[in-house]
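What follows is a single structure, written as C-alpha cells, with notes after it.
The values are calculated or read from the model by the stated rules, or taken from the named source; none is laboratory data. What you see is a predicted model; the values in this text were computed from it and never measured. Quick reminder, even Gly has a Cβ in these numbers, built from the backbone with ideal geometry, and neighbours come from all protein chains shown.
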Amino acid sequence: MQNIGKKHRKTLLQRWKGEKELWFWTLLFIAFWVLFFLMPIYGITYAFFDYTPGRQLSWSRFVGLKHFQAFFKSRDTIKIIRNTLVLSGLNMTVGFVMPIILALMLDELRQGTFKKVVQTISYLPYFISWVVVASLAISLLNSEGVVNEVLIKTGLAEKPVPFLTEGRYFWGLRTFLDIWKGLGWNTILYMSAIAGIDQSLYEAGAVDGITRWGSVKYITLPSIMPTIVLLFILSIGSLLNLGYEQNLLLGQPTTQDYWEIIDTYVYRYGIQKGRYSFSIAISLMKSVIGLVLVFSANSLAKRHSDYSIM
Amino acid sequence: MKKANYLKRTTSGTIFDICNVTLLVIMSFLFVYPFWNQFIVSLNDGVDATRGGLYFWPRQFTFGNYLYIFRTTGMLDALGWSVLRVVVGTLTKLLCTGMLAYVTTVKHFSFHLGLRRMFLITMYVGGGMIPTYLWFIKLGLLETFHVYWIPGLLSAYEMMIIASYIEGLPDSMFESARIDGAREITTYLRICIPLCVPVFAALGIMVAVGHWNSWFDVVVYNPSGKYDTLQIVLRNILIQSDKVAKLMSDATVGSAAVKSAAARISTVSMRAATMMIVTLPIIVVYPFFQKYFIKGISIGAVKG
C-alpha cells in the first residue's frame, strides 16, 4: 500500500487528526476502566488502615499489617484454608477426570440421535443457576426428599441420611453438584480435540487388529493428552477461585466447619459484619497467591505448548 | 468416516457398546430426573405432595400452585425485574463491548493494542469483592437497578472473543467505509455489527443466561429487596418456610378463590412451582440456542 512509506513521515498532528474520533471513544473506555477497575484496586489500601465507612481514608488510622496478623491468629484460619484446598483438590482430581471419561464415552457412540440427545441433556445443567441447583438438591436430598424415601424403601438405609445437615457430607455433596452441573459442558473442548484426531490412526489400528478398548486406550486418549495436560495446567491458575455461591446456598449453620472457604469468609466478615479492612486484607492475600498461580500456570503452559494468556 | 467403521465387530466390542450405552442412559437419567421430579410435584396438589411417594407422575393434578404463586408472592414484580435485567444488561453490554472490541482492532490506531492490554489485565487483577462494594456505595450504585448493568458494560472476555472474530473478517470492508469518509461509530454500527451477528448471538445468549441466573450480586448490592429478581424469590421461598406460612395466613383474608387455593398449598409444592418458573424459560429456549453456544465456546477456546 502507498501509505506504508508515508506512515513514518506523518507528524504527530496529522496522526491526531486521523485518530481523533478513535481517541474520543478510547477516552470513554479508559474512564470506565478507571471507574470500575482502578478505583476498586485503590480500595485495597484500606487493608492497611482501620477503615470506617463514610470517613475519608486519610482520617482513618494506619495500622500496617495488623489485619493480616489478626487473620493468622484467628482460630478459623486453618479450617478455612483446609476447606478451600480440599474442595479445589476434589475439583481438580475427580472433577477434572469425569469430563474426560464422558468425552471418551460419547466418542464411542455412533453418530445419531442417541448421541445428540445425551449431549444435549448433559449440557443443560450448565445453564441452570446455582440457586435452582441448590434448591433441587435441597428438595431431593432432605430427610423427606425422594432420595431418602427410595433409600429407605429399598432398605439401603434405615433412617434418612442427613446429606444436608451433617458436615461430613458437605464436601462430597458440593463436589457431586459441581460435577453434575459442569460435566457435559466441560466435555466440549475434549470433544473438539477428539474430532481433530487423524482417522488414519484408527485405520492403521484396525489393520493391526486393535480392540475397541485398545483404540480408546492407545489412540484416542494419547491423542488428546496435550489438551488434557494444558487444561490441567490452566486449572492450577484458578485453584483458589472455586466458586462460593454453592457454599452459601447449600451451607447451613450446622455444617459451617466444612463449607467456610476464603471467599465466603471474606463475604461474611466484610459485607455482613462490616469488618471491611480485615476482610480486604484476607482477600488481598488470596489475590496475590492467585496471581502467582496464574502466572506460573501460564509459563508452564507456554513451555508445554504455544498457549499464552496475553 | 467414523473410526467404528474400521474396527471389526466382535463380541467384546458389543459388550463394550452395551456397557457404554447403559452408563450413558443412567447418567442422562441423573441429569433429567431432578427437574422432572420437581416438575410433577409442582403440578400436584400441595397437601397431597407432602405425603411423598411422587416419582414419575402427579397423583392429584392441579395448576393451583402456579396460580397461587403468581397471585400472592410478588412473583410478577420479580419476573419483571429479571426480564428487564436480561434485556437491558445483554443489549447494552454487547453494544458497548462490541465498540471496544472494534476500536482495539483498528490497526492504524496507535493505541489499539494498548487499549486491549488495559482490559486484558482486568481478567487477572481486580479490587475484589469488598473494595468494589465500598466503591459502589460511594458511586451511589447500591439499591439501584443500574448496578445490574452499568458495571458490566465493558468486559475483557467478551472483548477478546468479538475482537478475534472481527480480525477474521476481511479488512477491506472497513477500509472502504473509511475511504468514503464514514465516521468510526458509523462503520461500527452499519458494517461491523451486521457482520458480527453470529458472534453477538453466541455471546448474547451466554450473557443473557448469566443475567437471568445471577443471584449473588442482587444479595450484595440490593439487599433491601426493592429490585429482587426471580432467583432471589426462589431462594427466599426455599429458606423461609415460615414466610410461606405467613403468606398462607395472609391469604386467608383474601378472596374466596385465593383462600381455597391457599388451603391446598404446601412449602414443598410452592418451592417446586417457583423452581419451575425460574427454570422453564431456559429449558424452553435451550434447544434453539444450543447450536450457538457450541460455536461460542470454540471461539472462546482459541484465546480464552
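What to note about this one:
- Put simply, of B:ARG85, B:ARG71 the only residue that is in a helix (DSSP H, G or I), modelled with pLDDT of 95 or more and basic (Lys, Arg) is B:ARG85.
- Looking only at the range B:142-201, residues that are over 28 Å from the mean Cα position of the chain (by Cα), charged (D, E, K, R) and either buried (at least 20 other Cβ atoms within 10 Å of the Cβ) or not in a helix (DSSP H, G or I) (or both) come to 3 in all.
- Matching residues in the range A:261-283 - criterion: being touching a residue at least 40 places away in the same chain (Cβ under 8 Å) and surrounded by fewer than 21 Cβ atoms within 10 Å (Cβ to Cβ): A:GLY274
- Here A:LYS181 meets each of (1) surrounded by 14 or more Cβ atoms within 10 Å (Cβ to Cβ); (2) among the basic types (Lys, Arg); (3) more than 30 Å from B:THR50 (Cα to Cα) with one exception, condition (3).
- Check on A:ARG174, touching an Asp or Glu at 6+ places or on another chain (Cβ under 8 Å), surrounded by 21 or more Cβ atoms within 10 Å (Cβ to Cβ) and assigned by TED's automatic domain parsing to the domain that holds A:LEU248: no
- Hey, B:TYR221 closer than 30 Å to A:ALA137 by Cα and either of a type in the set (Phe, Trp, Tyr) or within 12 Å of chain A (Cβ to nearest Cβ) (or both) or not: yes
- Test: residue in the range A:64-85 that is more than 9 Å from chain B (Cβ to nearest Cβ), more than 31 Å from the chain's Cα centre (by Cα) and modelled with pLDDT under 90: yes
- Within the range A:255-269, being within 10 Å of another protein chain (Cβ to nearest Cβ) and touching a Leu at 6+ places or on another chain (Cβ under 9 Å) holds for A:ASP263, A:TYR267.
- Residues within the range B:37-61 that are in a loop (DSSP other than H, G, I, E, B) and of a type in the set (Val, Ile, Thr), tallied: 1
- Qualifying positions in the range A:57-88 - aromatic (Phe, Trp, Tyr), closer than 17 Å to A:MET285 by Cα and loosely packed, with under 13 Cβ neighbours inside 10 Å: A:PHE72
- Residues that are more than 29 Å from the chain's Cα centre (by Cα) and either within 9 Å of chain B (Cβ to nearest Cβ) or in a loop (DSSP other than H, G, I, E, B) (or both) within the range A:104-140 comprise A:LEU109, A:ARG110, A:GLN111, A:GLY112, A:PHE114, listed in sequence order.
- Residue, modelled with the lowest pLDDT, within the range A:232-258, restricted to residues that are crowded, with 20+ Cβ neighbours inside 10 Å and farther than 30 Å from A:THR52 by Cβ: A:GLY237
- Filter pass, B:ILE130 being in contact (Cβ under 8 Å) with a residue 12 or more places away in the chain, in a helix (DSSP H, G or I) and surrounded by 15 or more Cβ atoms within 10 Å (Cβ to Cβ): no
- Of all residues in the range A:184-242, those that are out of contact with any Phe, Trp or Tyr (no Cβ under 9 Å at 6 or more places or on another chain), of a type in the set (Phe, Trp, Tyr) and either in contact (Cβ under 8 Å) with a residue 60 or more places away in the chain or not assigned by TED's automatic domain parsing to the domain that holds A:ASP107 (or both) total 1.
- Residue within the range A:141-151 that is assigned to a helix (DSSP H, G or I), in the same structural domain as A:GLN256 (by TED's automatic domain parsing), modelled with pLDDT of 90 or more and more than 19 Å from B:PHE29 (Cβ to Cβ) present: no
- Of the residues screened, A:LYS20 is not one that is modelled with pLDDT of 80 or more, within 30 Å of A:ILE271 (Cβ to Cβ) and of a type in the set (D, E, K, R).
- The listed residue being in a helix (DSSP H, G or I) and touching a Cys at 6+ places or on another chain (Cβ under 8 Å), out of B:TYR66, B:TYR102: B:TYR102
- Of the residues making up the range B:110-127, those that are over 25 Å from B:VAL209 (Cβ atoms), outside any helix (DSSP H, G or I) and not aromatic (Phe, Trp, Tyr) number 3.
- Restricting the range A:196-226 to residues that are assigned to a helix (DSSP H, G or I), within 10 Å of chain B (Cβ to nearest Cβ) and aliphatic (A, V, I, L, M), the residue that is surrounded by the fewest Cβ atoms within 10 Å (Cβ to Cβ): A:VAL207
- Residue in the range A:161-176 that is at the interface with another protein chain (Cβ under 8 Å from one of its Cβ atoms), of a type in the set (Val, Ile, Thr) and out of contact with any Cys (no Cβ under 6 Å at 6 or more places or on another chain) present: no
- Checking every residue in the range A:169-190 against the condition of being under 28 Å from A:LEU124 (Cα atoms) and assigned to a loop (DSSP other than H, G, I, E, B) gives zero matches.
- Answer from B:SER110, B:SER12 - the residue that is more than 30 Å from B:SER155 (Cβ to Cβ), at the interface with chain A (Cβ under 8 Å from one of its Cβ atoms), surrounded by fewer than 21 Cβ atoms within 10 Å (Cβ to Cβ) and free of Cβ contacts under 8 Å to residues at least 60 places away in the same chain: B:SER12
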